[in-house]
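Just so you know, all these numbers are worked out from the coordinates, no wet-lab data involved. Keep in mind the model is a prediction, meaning the values are calculated, not measured. Because the Cβ atoms are built from the backbone with ideal geometry, glycine has one as well, and the counts that use them run over all protein chains shown.
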Amino acid sequence: MFPTGNWEGMYFSEELKNAQKYGYTFEILWGYTFEKGFVFKDYVNDLYNLRLQYPKSDPMNLICKLLLNSLYGRFSMDDSFTSTKIISKTEYLEFEGKYKEGIKDLIELGDNYLVQYINPKEEIKTMLDSGRETHNVNISIAAAVTAYARIHMSQFKINNLLLAFANCYIQIRIPYTSLVHYLTLLLVPRN
C-alpha cells in the first residue's frame with residue numbers, strides 16, 4: 001500500500017521518526033505508551049551464539065534458528081483460539097444451530113464431521129477470568145519488530161536506488177514503503 005494525500009492510521013513512533021527523515025509530516029492524534037526494554041536480549045544472544053557453534057547441516061543449528069524466528073511470530077499470533085470437535089452427521093444440525101457464527105472449518109470424515117469453531121463460552125471465560133488464562137501474545141512487540149525491520153531496510157532501499165540512478169535521473173518523489181521489496185519511484189530523465 002502506498003497511500004498519498006491524507007490518511008489516518010496506527011504507527012510505531014520510531015517508524016514515524018524515520019518517515020520524517022524522508023520529508024513526511026504528520027499530526028499525532030493519540031497513542032499508547034509502552035516501556036522500552038530488552039526483554040529478550042539474553043535469550044537471543046544465547047541462542048544465536050549456540051547456533052554459531054554448529055554447522056548449518058547440524059539439527060542444533062536449525063533448532064536454534066527456528067526458536068529465534070518463532071519468537072517474533074509467537075507475539076503476533078491471533079489469540080482467538082479455536083476448538084476442534086468430531087461430530088456425527090446426525091448431531092451436526094443441532095451443533096450448527098448453536099455455534100453457526102463461530103464455525104471456521106468443516107471437514108467430512110465418513111459419517112462424521114471434523115469441526116473447527118470458536119466457542120463463545122470459552123471467549124467469555126477468557127474475558128472474565130481475571131487474567132488467569134495467559135495467551136502470551138503482545139501485538140506491540142510484534143509491531144515494533146516489523147517496524148524496526150522496515151526502518152532498517154528503508155536506508156538500503158532508498159539510498160542505493162538513488163545512487164544507482166544518480167547519473168541518469170532526478171528524484172521527484174519517493175514514497176515511504178513497507179517491508180515488501182518493491183519501491184515505487186517517480187523519476188524523470190535528466191536533461
**Report entry** Note, ³J(HN,Hα) from phi for segment 138-148, Karplus 6.51, -1.76, 1.60, rounded to Hz, x at Gly and Pro
**Finding:** 7, 4, 5, 5, 4, 5, 5, 4, 5, 5, 4
Report task. Could you grab the relative contact order for segment 1-95? Cα pairs under 8 Å, six or more apart, rounded to a whole percent. Result -> 14
Report summary line: Here, GluC sites (Glu not before Pro) of segment 27-110 satisfying both criteria (DSSP loop; at most 11 other Cβ within 10 Å) are E27, E35
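Work through the residues other than I28 whose Cβ is under 13 Å from its Cβ and net out their charges, Lys, Arg +1 and Asp, Glu -1.
Details: positive: K17; negative: E8, E15, E27.
Every neighbour counted, the sum reads -2.
For K17 and V44, what does the FRET efficiency come to when R0 = 41 Å and r is the distance between their Cβ atoms, rounded to the nearest 0.05?
Details: r = 24 Å, r/R0 = 0.58.
Between K17 and V44 the formula returns 0.95.
Semi-axes of segment 1-117's equivalent ellipsoid from the Cα gyration tensor, sqrt of 5 times each eigenvalue, largest first, rounded to whole Å? Could you put the intermediate results ahead of the total?
Working: eigenvalues 339, 185, 35 Å².
Here the semi-axes work out to 41, 30, 13 Å.
Can you compute the FRET efficiency between L114 and L52 using 1/(1 + (r/R0)^6), with r the Cβ-Cβ distance and R0 = 41 Å? Round to the nearest 0.05.
On the way: r = 43 Å, r/R0 = 1.05.
In this case the efficiency is close to 0.40.
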Report summary line: Long-range amide H partners of N112, meaning residues 5 or more apart or on another chain whose placed amide H is closer than 5 Å, are K89
